[in-house]
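Have a look at the structure below, then the notes.
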Amino acid sequence: MDAAVQSEVPVLLRRDADGVAWLTLNRPQARNALSVGLMTGLETELASLAGDPAVRVVVIGGAGPAFCAGHDLRELRARPERAAYEAVFAHCSRLMLAIVRLPKPVIAAVHGVATAAGCQLAASCDLAVAAASARFATPGVNIGLFCSTPMVALSRAVGRKAAMEMLLTGDLVDAAQARAIGLVNRVVPDAELGTATAALAGQIAAKSQLTLAIGKAAFYRQAEMELPDAYAYAAEAMTRNMLARDAAEGIDAFLEKRAPAWSGT
């Protein structure tokens, strides 16, 4: 593709359907590597989605043959300066935190490879659906660059031994193994990735937005606490949830054997 034409192609695509925002990384010629431009686009879109009442769930996928091959190494090497490296890795960290802090569930739809920061992206999402042929790796160790920032998300998604093996060997992990260690929730035939992800997103989108927001925030916050503090925080969160209109509606609907009508309050 001509460089001028390529520069005009948006690096991030968005499509909304049935309460779900589908964000597609759109740098297929670079295996959707996380350039500064792509990270900026994702961060901006997530900030917009946070306050969009029409969107209940977000799905992140990739165009072309891969989900995401990590950082754009050519871009990194173009400015071999400490300040430049610090800025890129800080930017990536902000992006991953934006996913965790988004008050809406985020699902990764993974096909092809998800490596290095691409594996970090999948691990940072709340849920992940993988095509059967998908592969995951933190291969930085093979090129002299340990995947330290991907390690943060990976070590919180899978057990320590599994995370260390991926980080120390750089080996590719297939979709079945990724599910076995907890990196992904579901593995589906390649041709069914879109429909399976849509079905999961639709199931979640049918819930109360307020309940989802409270629950997601509580999940991540309590996970970093000592057990007594976690229970105290979760009890407060559940009390706050119980006082919400949607909780009263949901309980009444259950008792009355009818579908709830969520208000988001």
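For R240, state whether it is more than 30 Å from G112 (Cβ to Cβ) and surrounded by fewer than 14 Cβ atoms within 10 Å (Cβ to Cβ). Full working, then the answer.
Numbers: more than 30 Å from G112 (Cβ to Cβ): yes; surrounded by fewer than 14 Cβ atoms within 10 Å (Cβ to Cβ): yes.
Considered against the rule, which asks whether it is more than 30 Å from G112 (Cβ to Cβ) and surrounded by fewer than 14 Cβ atoms within 10 Å (Cβ to Cβ), R240 comes out as yes.
Are any of the residues in the stretch 166-174 assigned to a strand (DSSP E or B) and under 19 Å from G62 (Cβ atoms)? Give the steps one after another, and end with the answer.
If we filter the stretch 166-174 for residues that are assigned to a strand (DSSP E or B), which is where we start, we get 173-174.
Still in the list and also under 19 Å from G62 (Cβ atoms): 173-174.
Taking every residue of the stretch 166-174 in turn, at least one turns out to be assigned to a strand (DSSP E or B) and under 19 Å from G62 (Cβ atoms).
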Taking the condition under 30 Å from A54 (Cβ atoms), in the same structural domain as A47 (by TED's automatic domain parsing) and in contact with a Cys (Cβ under 6 Å, 6 or more places away or on another chain), does L121 pass?
yes
Hits in the stretch 54-107 (condition: free of Cβ contacts under 8 Å to residues at least 12 places away in the same chain and outside any helix (DSSP H, G or I)):
R79, P80, E81
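Restricted to the stretch 182-236, and to residues that are in a helix (DSSP H, G or I) and acidic (D, E), which residue is farthest from S263 (Cα to Cα)? Steps first, answer last, please.
Quick first cut of the stretch 182-236, residues in a helix (DSSP H, G or I) only: 190-205, 209-223, 227-236.
Okay, now just the ones that are also acidic (D, E), so 190, 192, 229, 236.
On the way: D190: 37, E192: 33, D229: 31, E236: 22 Å.
Filtering first and then ranking leaves D190.
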Scan the stretch 215-247 for residues that are within 20 Å of R56 (Cβ to Cβ) and among the aliphatic types (A, V, I, L, M) and report the count.
5
Residue check for A50: farther than 29 Å from A175 by Cα and in contact (Cβ under 8 Å) with a residue 40 or more places away in the chain
yes
With respect to T195, is the statement that it is surrounded by fewer than 13 Cβ atoms within 10 Å (Cβ to Cβ) and closer than 22 Å to V129 by Cα true?
yes
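The values are calculated or read from the model by the stated rules, or taken from the named source; none is laboratory data. Being a predicted model, the structure only gives us computed values, none of them experimental. Neighbour counts are summed over all protein chains in view; Cβ atoms, including those assigned to glycine, are modelled from backbone coordinates with ideal geometry.
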